[in-house]
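Trainee: First the structure, which I've put down as C-alpha cells, then a few questions once you've had a look.
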Amino acid sequence: GDSVTQMEGPVTLSEEAFLTINCTYTATGYPSLFWYVQYPGEGLQLLLKATKADDKGSNKGFEATYRKETTSFHLEKGSVQVSDSAVYFCASSSWGKFQFGAGTQVVVTP
Amino acid sequence: EPEVTQTPSHQVTQMGQEVILRCVPISNHLYFYWYRQILGQKVEFLVSFYNNEISEKSEIFDDQFSVERPDGSNFTLKIRSTKLEDSAMYFCASRTGTSGSSYEQYFGPGTRLTVT
C-alpha cells in the first residue's frame, strides 16, 4: 500500500539557518503530495501542496518540489524563524485517501 | 474563509463510557474523514465517509467506533466503550468532490480525548 517516510526529528536549528526535511513516498499511482504543519497545541494546517511531477509548492518561504524520479517531496526553507518551530508532516493522497509521515519536529532557537 | 470546526476541544471521560466527537465540515464538501493522533505519534486514518456511508475504514476502526451524519451539517464519531488507549487527538477532515481539487483535505483543530 501507499506510504510516506520522512526524516526523524527533532531537528534543532538556529534562527536564519537553512532547513531541509526529507520526505519520500511509495504509491501505486501518481498521488498528490502535501506538507502540513502542526504548531504546539493546534491542529493540522496545510502548508503547501503539489499535484503532479515537477510541480513546486510554496508558502511562507517554504518550498517543496514533486520529484517523480526519486519519489520525493523534500521541504526546504532558506532562513527559518523561531516562529517556524512546529511539527511538519509530509502526506500523500491517492484517490482521496491520505497517508501521513511520522512527523518531524523542528525547533528553532534564537 | 470556511473552516472545519470540532467540538469539544477537550473531552475527558472514564474508561467504558461512550463519547461522541462532533465535527462540522465545510458546507459544500462531500467527503468526510476521521483521523487520530496518539501523543507524539503519526496521524492515522480511521474512516472515510461519502454519500451517507462508510467508504473506507482502517483496522483501527473496529466495532467500538461508528460514524454518522445525523443532519446536513454535523459529522460525528462515536466510541461506544472507551479504553485507555483511545486517548488521542481526533481530527475531522473534509474535502470537495470535484475533480482537480488535488484531493486536498481541510482539517479541523482536533478534539483531545483523555480516557481515565
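Trainee: Give the number of residues within segment A:40-61 that are in a loop (DSSP other than H, G, I, E, B) and either within 11 Å of another protein chain (Cβ to nearest Cβ) or crowded, with 19+ Cβ neighbours inside 10 Å (or both).
Mentor: 6
Trainee: Give me a count of the residues in segment B:81-94 that are touching a residue at least 60 places away in the same chain (Cβ under 8 Å), in a loop (DSSP other than H, G, I, E, B) and either surrounded by 14 or more Cβ atoms within 10 Å (Cβ to Cβ) or among the β-branched types (Val, Ile, Thr) (or both).
Mentor: Count: 1.
Trainee: Checking residue A:101 against (1) over 21 Å from residue B:96 (Cα atoms); (2) without any contact (Cβ under 8 Å) to a residue 60 or more places away in the chain; (3) within 14 Å of chain B (Cβ to nearest Cβ), only one condition comes out false. Which one?
Mentor: Of the numbered conditions (1) over 21 Å from residue B:96 (Cα atoms); (2) without any contact (Cβ under 8 Å) to a residue 60 or more places away in the chain; (3) within 14 Å of chain B (Cβ to nearest Cβ), the odd one out for residue A:101 is (2).
Trainee: Residues that are touching a Phe, Trp or Tyr at 6+ places or on another chain (Cβ under 8 Å), under 25 Å from residue B:39 (Cα atoms) and not in a strand (DSSP E or B): does segment A:18-35 have at least one?
Mentor: No, that holds for no residue.
Trainee: Return the residue satisfying two criteria in turn: it lies in segment A:81-104 and is assigned to a strand (DSSP E or B) and among the aromatic types (Phe, Trp, Tyr), and of such residues it is farthest from the chain's Cα centre (by Cα).
Mentor: A:98
Trainee: Moving on. Count, please, the residues in segment A:22-53 that happen to be closer than 19 Å to residue B:107 by Cβ and either touching an Asp or Glu at 6+ places or on another chain (Cβ under 7 Å) or touching a residue at least 12 places away in the same chain (Cβ under 8 Å) (or both).
Mentor: 18
Trainee: Another one. Which of the numbered conditions does residue B:97 fail, given that it passes all the others? Conditions: (1) exposed (fewer than 14 other Cβ atoms within 10 Å of the Cβ); (2) in contact with a strand residue (DSSP E or B) (Cβ under 7 Å, 6 or more places away or on another chain); (3) under 15 Å from residue B:23 (Cβ atoms).
Mentor: (3)
The rows are residues; the columns are (1) within 25 Å of residue A:88 (Cα to Cα); (2) among the hydrophobic types (A, V, I, L, M, F, W, C); (3) touching a residue at least 24 places away in the same chain (Cβ under 8 Å).
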{"position": "B:1", "(1), (2), (3)": "yes, no, no"}
{"position": "B:12", "(1), (2), (3)": "no, yes, yes"}
{"position": "B:26", "(1), (2), (3)": "yes, yes, yes"}
{"position": "B:29", "(1), (2), (3)": "no, no, yes"}
{"position": "B:32", "(1), (2), (3)": "yes, yes, yes"}
{"position": "B:42", "(1), (2), (3)": "yes, no, no"}
{"position": "B:66", "(1), (2), (3)": "no, no, no"}
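Trainee: Look at segment B:36-55 and say how many of its residues are charged (D, E, K, R) and more than 12 Å from chain A (Cβ to nearest Cβ).
Mentor: Of the residues in segment B:36-55, 1 are charged (D, E, K, R) and more than 12 Å from chain A (Cβ to nearest Cβ).
Trainee: Residues to consider are B:80, B:36, B:22; find the one that is closer than 22 Å to residue A:89 by Cα and of a type in the set (D, E, K, R).
Mentor: Result of the check over B:80, B:36, B:22: B:36.
Only the coordinates and a few stated rules stand behind these numbers; no lab work does. Everything numeric here is computed off the predicted structure, so don't read it as measured data. Every residue, glycine among them, receives a Cβ derived from its backbone with ideal geometry; neighbour counts consider all protein chains shown.
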